[in-house]
Amino acid sequence: MHGIDDQLRELLPRLRRFAQSLTRNPTSADDLVQASLEKALGAWAGKQPDGDLRAWLFAIVYRQFLDAHRSASRYKRVLELFTGSQDDHYAPSAERTVVAQTTLAAFERLPHEQRAILLWVTVEGLRYQEIAEILNVPIGTVMSRLSRARQALRQLSDGEITSPALRVLK
Amino acid sequence: MNDLPPTEHDLHAYVDRQLNEADRDRVARYLSANPELAEQVRAWQHDAQHLRAALSGALHLTPNPQLDPAAIRHNRRRQRGRQWATAAALFVAVSLGSVGGWHARTVNLASHMLPMADALQAYRMFALKDGMANDWTLATSTDAQSWLDRHFARADRIPDLAGAGFTPVGGRMISTEQGAAAMLVYQDANGRKVSFYIRPPGPQHYLLDRGARRDGELQADYWSSDEYNYALVAPADDPAVEPVRRGLGRAI
C-alpha cells in the first residue's frame with residue numbers, strides 16, 4: 001500500500017547514523033530522524049523526488065538539523081547576552097580527549113558542515129553532484145568544502161591541532 | 001608521457017573513486033612519480049577507510065519502533081506540527097537573568113520522549129560542568145531540603161546518600177514544558193556526580209511506575225510520588241555509584 005515504506009526501512013540505519021553524526025547524541029538523533037521522516041512522508045504524498053531517494057532523505061535530515069541548529073544558536077546568543085558566558089553546549093568528555101588520536105574522535109571534533117560532507121562522500125559514497133544538489137551549491141563549492149574537511153580531519157588525527165579554540169589569539 | 005599535474009579536485013575525486021578510467025590512470029601515474037603527493041593522497045585514503053570502519057557500527061543500532069514508517073504515519077495523523085526544532089532546543093539553555101536567584105532554563109521536550117529524558121539532559125548540560133551556575137550551593141544560608149521545599153511544596157525528602165559518600169553540593173532550577181523542575185547535584189570525595197531531579201508530572205498528570213533506563217553512559221532511576229516525578233541520574237557503569245542506587249531503593 002505504501003510503496004515507499006520498505007525503502008525507508010532499508011535506509012533507516014543510514015539516516016540514524018547520519019543524524020547521530022550531526023547531533024552527537026542518540027536521543028536527539030532519533031528525534032531528528034523522526035521529524036525528518038514525518039516531513040519526507042508528507043512531501044512524498046505530493047511529489048515524488050527525482051533521483052536517489054537516499055540523497056533526497058539526507059537533504060531533508062540536514063535541513064531539519066540546520067533549522068534546529070539555527071534556532072539553538074539564537075537561544076545560545078540570548079543566553080550569552082544575559083550571562084556573558086560562552087556556555088558551550090558541547091564540551092568534549094574526558095573519554096573523547098583520551099581517544100583524540102583516532103580518526104573517529106577527530107571526526108567528532110569537526111564542525112557539522114564538515115562532518116556531513118565527509119560522511120556523504122567517504123562513508124555513503126554519494127557523487128559530488130548529488131551533494132551539490134543537497135546543499136544547493138555549485139560543485140566547486142562542494143569540492144572546496146571537502147578539501148577543507150579532509151585537511152581538518154588529517155590535522156586533527158595527527159594531533160597537529162588539538163583544538164582550534166586552544167590557539168592563542170592576539 | 002607528459003601528464004599535466006592533477007588538480008586538487010582530481011586528487012579528491014581519485015580518493016573517492018569518482019574519476020573515469022582514463023583520468024584515474026593519469027592521476028595514478030603522476031602520483032607514482034611524485035611520492036610526496038602520493039603520501040598525502042594515501043593519508044586521505046587511510047582517513048576515509050578508518051572513518052568507514054569507525055562508523056560502520058552505527059548502522060547496527062537497536063531498532064527504534066517509533067521510527068518505523070508505519071508508526072510515523074500514525075503519529076502524523078495524531079499530532080500535527082510537532083517541531084523537531086523544539087526538541088533540538090534540548091541543547092539550549094536560556095537564562096532570563098538572575099533576579100532573586102531564579103535562573104530559568106528552558107528544556108523543551110517533545111512529548112513522546114522517554115521517561116525523564118529531561119533529567120538526563122539536565123545532568124549532561126549542567127551537572128557535569130564544574131562551573132554550573134547554582135541557585136543553591138553549600139554557601140547558601142538554607143540547606144538543600146529547605147531550598148527545594150520553597151519551590152516544591154509537597155516534595156519527597158531529598159535522598160540521603162551520605163552512606164554512599166555523596167552529599168549535595170549544588171542545585172538549580174530548570175524550566176520544562178511540564179513546569180519548573182529542579183536538579184540537585186551530589187558529589188563524592190572523588191568528584192563523581194549524581195543528580196536528584198524533580199518536576200511536576202505535567203498537565204496530563206503523567207506519573208511513572210518505578211523503573212530505570214540507560215541512556216548512553218548514564219542511567220536514570222525514576223519514580224513518582226502523588227505530586228511529582230523524580231529521577232536519580234548517575235554514570236551507568238561506575239561501581240562507586242552502585243551503593244547510591246541500593247540506598248535509594250531503601251530510602252523511597
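The values are calculated or read from the model by the stated rules, or taken from the named source; none is laboratory data. The model shown is predicted, which means the values in this text are computed figures rather than measured ones. Don't worry about glycine lacking a Cβ; one is built from the backbone with ideal geometry, like all the others, and counts go over all protein chains shown.
Against the definition (in a helix (DSSP H, G or I), in contact with a helix residue (DSSP H, G or I) (Cβ under 6 Å, 6 or more places away or on another chain), touching a residue at least 40 places away in the same chain (Cβ under 8 Å) and buried (at least 16 other Cβ atoms within 10 Å of the Cβ)), how does B:G247 come out, yes or no?
Numbers: in a helix (DSSP H, G or I): yes; in contact with a helix residue (DSSP H, G or I) (Cβ under 6 Å, 6 or more places away or on another chain): yes; touching a residue at least 40 places away in the same chain (Cβ under 8 Å): yes; buried (at least 16 other Cβ atoms within 10 Å of the Cβ): yes.
Here the answer is yes, as B:G247 does meet what is asked.
Looking at the range A:54-76, can you tell me whether even one residue there is facing another protein chain (nearest Cβ under 7 Å), closer than 22 Å to B:G57 by Cβ, in contact with a Leu (Cβ under 7 Å, 6 or more places away or on another chain) and modelled with pLDDT of 80 or more?
Within the range A:54-76, none of the residues are facing another protein chain (nearest Cβ under 7 Å), closer than 22 Å to B:G57 by Cβ, in contact with a Leu (Cβ under 7 Å, 6 or more places away or on another chain) and modelled with pLDDT of 80 or more.
Scanning for something within 16 Å of A:L37 (Cα to Cα), within 27 Å of the chain's Cα centre (by Cα) and at pLDDT below 85, does the range B:103-110 turn up at least one residue? Break it down into steps so the answer makes sense when it comes.
Applying the first criterion (within 16 Å of A:L37 (Cα to Cα)) to the range B:103-110 yields B:110.
Now narrow it down to the ones that are within 27 Å of the chain's Cα centre (by Cα): B:110.
From what is left, the residues that are at pLDDT below 85 are B:110.
Within the range B:103-110, one or more residues are within 16 Å of A:L37 (Cα to Cα), within 27 Å of the chain's Cα centre (by Cα) and at pLDDT below 85.
What is the number of the single condition among (1) modelled with pLDDT of 90 or more; (2) away from every other protein chain (no Cβ under 11 Å) that A:F107 does not meet?
(2)
Which numbered condition trips up B:D209, out of (1) under 20 Å from the mean Cα position of the chain (by Cα); (2) within 19 Å of B:R245 (Cα to Cα)?
Every condition holds for B:D209 apart from (1).
Name the single residue that is surrounded by the fewest Cβ atoms within 10 Å (Cβ to Cβ) among those in the range B:1-22 being more than 14 Å from chain A (Cβ to nearest Cβ) and not small (G, A, S). Before you say what the answer is, go through the steps one by one.
Kept after step one, since they are more than 14 Å from chain A (Cβ to nearest Cβ), are these residues of the range B:1-22: B:1-5, B:21-22.
From what is left, the residues that are not small (G, A, S) are B:1-5, B:21.
Values: B:M1: 6, B:N2: 3, B:D3: 11, B:L4: 8, B:P5: 10, B:E21: 7.
Checking each candidate, the answer is B:N2.
Could you list all residues from the range B:149-170 that are in contact with a Phe, Trp or Tyr (Cβ under 8 Å, 6 or more places away or on another chain) and hydrophobic (A, V, I, L, M, F, W, C)?
Selection gives B:F152, B:A155, B:I158, B:L161, B:F166, B:V169.
Could you list, in sequence order, the residues of the range B:168-218 that are among the hydrophobic types (A, V, I, L, M, F, W, C) and in a loop (DSSP other than H, G, I, E, B)?
Result: B:A189, B:L207, B:L208.
Here's the yes/no breakdown for (1) among the small types (G, A, S); (2) in contact with a Pro (Cβ under 8 Å, 6 or more places away or on another chain); (3) modelled with pLDDT of 85 or more:
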position: B:L184; (1), (2), (3): no, yes, yes
position: B:G191; (1), (2), (3): yes, no, yes
position: B:I198; (1), (2), (3): no, no, yes
position: B:Q204; (1), (2), (3): no, no, no
position: B:Q219; (1), (2), (3): no, yes, yes
position: B:W223; (1), (2), (3): no, no, yes
position: B:L232; (1), (2), (3): no, yes, yes
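Can you tell me which residue within the range B:23-59, out of those that are surrounded by fewer than 16 Cβ atoms within 10 Å (Cβ to Cβ) and facing chain A (nearest Cβ under 7 Å), is farthest from A:A149 (Cα to Cα)?
Restricting to residues being surrounded by fewer than 16 Cβ atoms within 10 Å (Cβ to Cβ) and facing chain A (nearest Cβ under 7 Å), the top hit is B:L59.
Among (1) within 26 Å of the chain's Cα centre (by Cα); (2) at pLDDT 95 or above, there is one condition B:V15 misses while meeting the rest; what is its number?
Failed condition: (1).
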